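Okay, structure first, notes after.
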Amino acid sequence: SLEKLSKTDTIHLRKRHVGQACKLFYKHDPLKIVRAERQYMYDENDVQYLDCINNVAHVGHCHPEVVRAACDQLSILNTNNRFLHDNLVICARKLTSILPEPLSVCFLVNSGSEANDLALRLARIHTKHHDVITVDHAYHGHLTSLIDISPYKFNLPGGTGKPSWVHVAPCPDTYRGKYRASDYPPGTDLGAKYADDVRLLIKKAVDSNRTISAFFAESLMSCGGQVILPPNYLRNVYRYVREAGGVCIADEVQVGFGRVGKHWWAFQLQGDDVIPDIVTVGKPMGNGHPVAAVITTRSIANSFQQTGVEYFNTYGGNPVSCAVANAVMDVLEKEHLRDHATQVGNHFFNSLCQLQAKHPLIGDVRGVGLFIGIELVRDREKKIPATEEAEHVVARMREEHILISSDGPDRNVLKLKPPMVFTEQNADLTIKVLDQVLNEIAYLDFNHESSEKRSKADTERPEELSSQIIKT
Ligand code: PMP
């Protein structure tokens, strides 16, 4: 057996000695996973689960080449990067070769949060400005500095609230955001409209004597609800931010490394001319091993150097982590996983659109490559978030051994971001089961009180909620 303890004991010990604030999937009936390979995970009874959510296991769980690279290097040397080592410079050369030209200097760190915290520091040092523009519903990491720029966390009832140096731009969500595609003639440049809000936000801040150091945003909003940025958003925002003396930071921690298929990085979806000043990467970079990086311009790196305060990170860029990252990038290319993500992603997306035609509960399907969101609504007209339904779908899919999750401010967006080795057959199975589960939902009665309240507070829209409740 791969277990050291019975599942009951594992649960017991975790309750007793592990901080209960730590997030656990399926909290009331947690899964115990003891091994995994490719896009499959196995519990203590060797039951197989199809993994539709693990974007960290990017090239597949326990990819043999990645495992070998780690083991080999671990048995030869692992030490900090104050010594020369080939793995570190090879990693930096590779990373910069797959990013646009100006992004030519790397800092290797251990997690997405560390990368984002360093990005913040670089931005402030370089610009000598302080304030940050963040996007509503964004999450950028668990460090104190990042909770401060993560409305996803600071806006929770028990959260710490928005600091005065943070300015929150509306989430450029063209389905349920401030400017909705459904409210404008086709072809309206909603990206420019959302960007204009950022311009006004900057103006307001500057008028009250604040200085903008950075615009911090994911190139696709993940925790925020799988939101695809509308065309022209980043192009315009980057211009406004730079005019105010700030720099532009792209958080590619979740969505980078080819998840979108046709590009290495999601910001490239906005056009070749859209180039951030700082890019942060993590999660998929190590396929589960902790390794992350900040990549920036020579000019920003020089500003940091000129402070005379040396940067040292005990584990950042160690030979083992770099061996892992290098193996991941090699595998991505050798196995043509970006092309694969495009092909499987398109197939998945098209099948989901067919499912949408059949199930009124599916209000929106959006995605690119293997980054897909399915937004569930109780009423397509009013877009009332189907939060309980989404929770139910996640739980039922798990019973059918398919792991998906829900997220977004209303927790009504089903997230699909599987390992890149996910196949069309896996997509077909997921669709088939989702179809069944959505059929069942039509016969269930949900208590909608909580989402009703939320909905009212958020949108001040719903009038006749009771008529929307699905009756048995
Ligand atoms: N940025 C984004 C967009 C993330 O989704 C996350 C993690 N969910 C982080 C940063 C933080 O990364 P880590 O958990 O590796 O610190």
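Brief remarks follow.
Matching residues to (1) under 28 Å from the mean Cα position of the chain (by Cα); (2) closer than 26 Å to Val394 by Cα; (3) acidic (Asp, Glu):
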site: Asn55; (1), (2), (3): yes, yes, no
site: His63; (1), (2), (3): yes, no, no
site: Cys71; (1), (2), (3): no, no, no
site: Thr79; (1), (2), (3): no, no, no
site: Ile98; (1), (2), (3): yes, no, no
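- The sole residue among Gly159, Gly187 that is touching a helix residue (DSSP H, G or I) at 6+ places or on another chain (Cβ under 9 Å), more than 15 Å from Phe216 (Cα to Cα) and in a loop (DSSP other than H, G, I, E, B) is Gly159.
- A single entry from Leu77, Leu31, Leu88, Leu13 fulfils the requirement of being modelled with pLDDT of 95 or more, touching a Cys at 6+ places or on another chain (Cβ under 8 Å) and surrounded by 11 or more Cβ atoms within 10 Å (Cβ to Cβ): Leu88.
- Residue count for segment 219-242, restricted to those that are within 16 Å of the ligand (Cβ to nearest atom), within 12 Å of Leu269 (Cα to Cα) and not in a loop (DSSP other than H, G, I, E, B): 3.
- Matching residues, segment 273-299, being away from the ligand (no atom under 16 Å from the Cβ) and either surrounded by 24 or more Cβ atoms within 10 Å (Cβ to Cβ) or within 22 Å of the chain's Cα centre (by Cα) (or both): Val274, Ile275, Asp277, Thr296
- Single residue of segment 410-443 satisfying the filter (modelled with pLDDT under 95 and assigned to a loop (DSSP other than H, G, I, E, B)) that is nearest to Asp364 (Cα to Cα): Ala442
- Test: residue in segment 229-250 that is over 15 Å from Ile372 (Cα atoms) and within 13 Å of the chain's Cα centre (by Cα): yes
- Hey, Asn302 open to solvent by 20 Å² or more (accessible area, probe 1.4 Å) and closer than 20 Å to Thr96 by Cβ or not: yes
- Within segment 230-257, residues that are over 14 Å from Ala214 (Cβ atoms) sit with their Cβ atoms under 8 Å from residues that are more than 16 Å from the ligand (Cβ to nearest atom) and of a type in the set (Lys, Arg), at 6+ positions apart or across chains, in these pairs: Asn236/Arg199.
- Positions within segment 92-120 being within 15 Å of the ligand (Cβ to nearest atom), more than 24 Å from Ala195 (Cα to Cα) and assigned to a helix (DSSP H, G or I), in sequence order: Gly112, Ser113, Glu114, Ala115, Asp117, Leu118
- None of Asp330, Asp364 is open to solvent by 20 Å² or more (accessible area, probe 1.4 Å) and part of a strand (DSSP E or B) except Asp364.
- Restricting segment 152-180 to residues that are among the β-branched types (Val, Ile, Thr) and at pLDDT 95 or above, the residue that is farthest from the ligand (Cβ to nearest atom): Thr174
- Total residues in segment 52-74, condition at positive phi and open to solvent by less than 60 Å² (accessible area, probe 1.4 Å): 1
- For Ala357: the one exception among (1) under 21 Å from Asp407 (Cβ atoms); (2) among the small types (Gly, Ala, Ser); (3) open to solvent by 30 Å² or more (accessible area, probe 1.4 Å): (1)
- Qualifying residue in segment 192-215 (condition: within 30 Å of Leu370 (Cβ to Cβ) and within 16 Å of the ligand (Cβ to nearest atom)): yes
- Subset of segment 1-10 (residues that are exposed (fewer than 10 other Cβ atoms within 10 Å of the Cβ) and of a type in the set (Val, Ile, Thr)): Thr8
- Residue within segment 102-118 that is acidic (Asp, Glu), touching a helix residue (DSSP H, G or I) at 6+ places or on another chain (Cβ under 9 Å) and in contact (Cβ under 8 Å) with a residue 24 or more places away in the chain present: yes
- For segment 137-151, the criterion of being within 16 Å of the ligand (Cβ to nearest atom), under 24 Å from Val365 (Cα atoms), in contact with a strand residue (DSSP E or B) (Cβ under 9 Å, 6 or more places away or on another chain) and open to solvent by 20 Å² or more (accessible area, probe 1.4 Å) is met by at least one residue.
- Of the residues examined, Arg259 is not one that is out of contact with any strand residue (DSSP E or B) (no Cβ under 7 Å at 6 or more places or on another chain) and either at pLDDT 95 or above or open to solvent by 10 Å² or more (accessible area, probe 1.4 Å) (or both).
- Breaking point among (1) open to solvent by 40 Å² or more (accessible area, probe 1.4 Å); (2) more than 24 Å from the chain's Cα centre (by Cα); (3) farther than 30 Å from Lys15 by Cβ, for Arg38: (2)
- Among residues of segment 121-132 being away from the ligand (no atom under 16 Å from the Cβ) and of a type in the set (Val, Ile, Thr), the one that is nearest to Ala205 (Cα to Cα) is Thr127.
- Residue check, Tyr26 open to solvent by less than 80 Å² (accessible area, probe 1.4 Å) and modelled with pLDDT under 95: yes
The values are calculated or read from the model by the stated rules, or taken from the named source; none is laboratory data. Predicted model only: the values in this text are computed from it and were never measured. Positions of Cβ are generated from backbone atoms using ideal geometry, with glycine treated the same way; all protein chains shown enter the neighbour counts. The protein model used for the area step is the full one, side chains on, heavy atoms only, and it has no ligands, DNA or RNA in it. Shrake-Rupley method; radii C 1.70, N 1.55, O 1.52, S 1.80 Å.
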